[in-house]
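Trainee: Pasting a structure here, questions to come.
The values are calculated or read from the model by the stated rules, or taken from the named source; none is laboratory data. Note that the structure is a prediction, hence the values are computed from the model and not measured. Every residue, glycine among them, receives a Cβ derived from its backbone with ideal geometry; neighbour counts consider all protein chains shown.
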Amino acid sequence: MTRTFRRHGDAIRVTLRDAEVELLRSVQQELRATLESMEQEDPVIQRLFPAPVLGDEETAEEVRDLVTEDLLHRRLEQLDELLTMLDRGEAWRGGIRVDLVEDEPLLVLGVLNDLRLGIGARIDVMAIDRDQVDRDHPYAYPLAVMDHFGWWQEQLLAIIDPPSVRHASEGWFDDDPSAGGMKGER
């Protein structure tokens, strides 16, 4: 597989195929619609706006009233900024190239995280036994999208903060399980 994110001078260059651009646009629109509805019983809303205080519903409600509107506005704004970035992309080999500058890589990292959390909440990913999901399972596609976005996040994070990615994988291929992992497992 080719890398989606690469360092390009002071920028981080993103190269997306047309299908990936359409996927991002589609998932962005779905998350935007969910956020605009702000239905408190929606698992996506519950995941993206968790209880700020546990065990004290009155205090949790007060804190929620203080921060939810700003957090919602910021998330919606970031979703729009993602589309703006995609729109300014240059056509390139059946897709687009976009150079992310200044704080845009962090914005993309955050939006990818929100998209993954939203998909995971929608399908209740914590309750899924991935070993039981074959390619015809209704959750196969959402899981593949989550994994693809996760792969993008890892690439981007490896550029933004290389030690964090290197540290996360240390010991995964060691012979000694007490060193953080077992040989061959990841």
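Trainee: Show the residue pairs meeting these rules: Cβ distance below 9 Å; 6+ apart or different chains; first residue within region 9-30 and in contact (Cβ under 8 Å) with a residue 24 or more places away in the chain; second residue acidic (Asp, Glu) and part of a helix (DSSP H, G or I).
Mentor: Taking only residues 6 or more apart or on different chains, the pairs are 11/104; 12/104; 28/80.
Okay, residues lined up against (1) of a type in the set (Asp, Glu); (2) surrounded by 15 or more Cβ atoms within 10 Å (Cβ to Cβ); (3) in a helix (DSSP H, G or I):
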| position | (1), (2), (3) |
| --- | --- |
| 31 | no, yes, yes |
| 51 | no, no, no |
| 58 | yes, no, yes |
| 62 | yes, no, yes |
| 107 | no, yes, yes |
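Trainee: Looking at 83, 115, which one is touching a Lys or Arg at 6+ places or on another chain (Cβ under 8 Å), part of a helix (DSSP H, G or I) and farther than 14 Å from residue 15 by Cβ?
Mentor: On the way: 115 fails: touching a Lys or Arg at 6+ places or on another chain (Cβ under 8 Å).
Criteria check complete, one pass: 83.
Trainee: May I ask you to verify whether residue 36 is exposed (fewer than 14 other Cβ atoms within 10 Å of the Cβ), in a helix (DSSP H, G or I) and either at pLDDT below 95 or within 15 Å of the chain's Cα centre (by Cα) (or both)?
Mentor: Judged against the criteria, residue 36 is not a match.
Trainee: Filter region 95-112 down to the residues that are more than 20 Å from residue 8 (Cα to Cα) and in contact (Cβ under 8 Å) with a residue 60 or more places away in the chain and list them by number. Break it down stepwise before answering.
Mentor: Our first condition is that a residue be more than 20 Å from residue 8 (Cα to Cα); within region 95-112, this holds for 110-112.
Correct list: 111 only.
Trainee: Which of (1) under 24 Å from residue 22 (Cβ atoms); (2) in contact with a Phe, Trp or Tyr (Cβ under 7 Å, 6 or more places away or on another chain) does residue 128 not meet, given it meets every other one?
Mentor: The one condition residue 128 does not meet is (1).
Trainee: Let me confirm something: among 14, 21, which residue is within 29 Å of residue 89 (Cα to Cα) and part of a helix (DSSP H, G or I)? Spell out how you get there, then give the answer.
Mentor: Values: 14 fails: part of a helix (DSSP H, G or I).
Going through 14, 21 in turn, just one is within 29 Å of residue 89 (Cα to Cα) and part of a helix (DSSP H, G or I): 21.
Trainee: Identify, from the list 131, 103, 87, 114, the residue that is modelled with pLDDT under 95 and among the acidic types (Asp, Glu).
Mentor: Working: 103 fails: modelled with pLDDT under 95; 87 fails: modelled with pLDDT under 95; 114 fails: modelled with pLDDT under 95.
So the residue among 131, 103, 87, 114 that is modelled with pLDDT under 95 and among the acidic types (Asp, Glu) is 131.
Trainee: Here is a list: 101, 133. Which entry is touching a strand residue (DSSP E or B) at 6+ places or on another chain (Cβ under 7 Å) and more than 20 Å from residue 23 (Cα to Cα)? Spell out the reasoning first.
Mentor: Numbers: 133 fails: touching a strand residue (DSSP E or B) at 6+ places or on another chain (Cβ under 7 Å).
Result of the check over 101, 133: 101.
Trainee: Another one. Within region 86-105, track down each residue that is surrounded by 16 or more Cβ atoms within 10 Å (Cβ to Cβ) and not in a loop (DSSP other than H, G, I, E, B). First the steps, then the outcome.
Mentor: Of the residues in region 86-105, the ones surrounded by 16 or more Cβ atoms within 10 Å (Cβ to Cβ) are 86, 89, 95-96, 98-100, 104-105.
Answer for region 86-105, where residues must be surrounded by 16 or more Cβ atoms within 10 Å (Cβ to Cβ) and not in a loop (DSSP other than H, G, I, E, B): 86, 95, 96, 98, 99, 100, 104, 105.
Trainee: Also, I was wondering about something else. Does residue 28 qualify as being farther than 23 Å from residue 124 by Cα and touching a helix residue (DSSP H, G or I) at 6+ places or on another chain (Cβ under 7 Å)? Don't jump to the end; show me each part of the working.
Mentor: Numbers: farther than 23 Å from residue 124 by Cα: no; touching a helix residue (DSSP H, G or I) at 6+ places or on another chain (Cβ under 7 Å): yes.
No, not satisfied.
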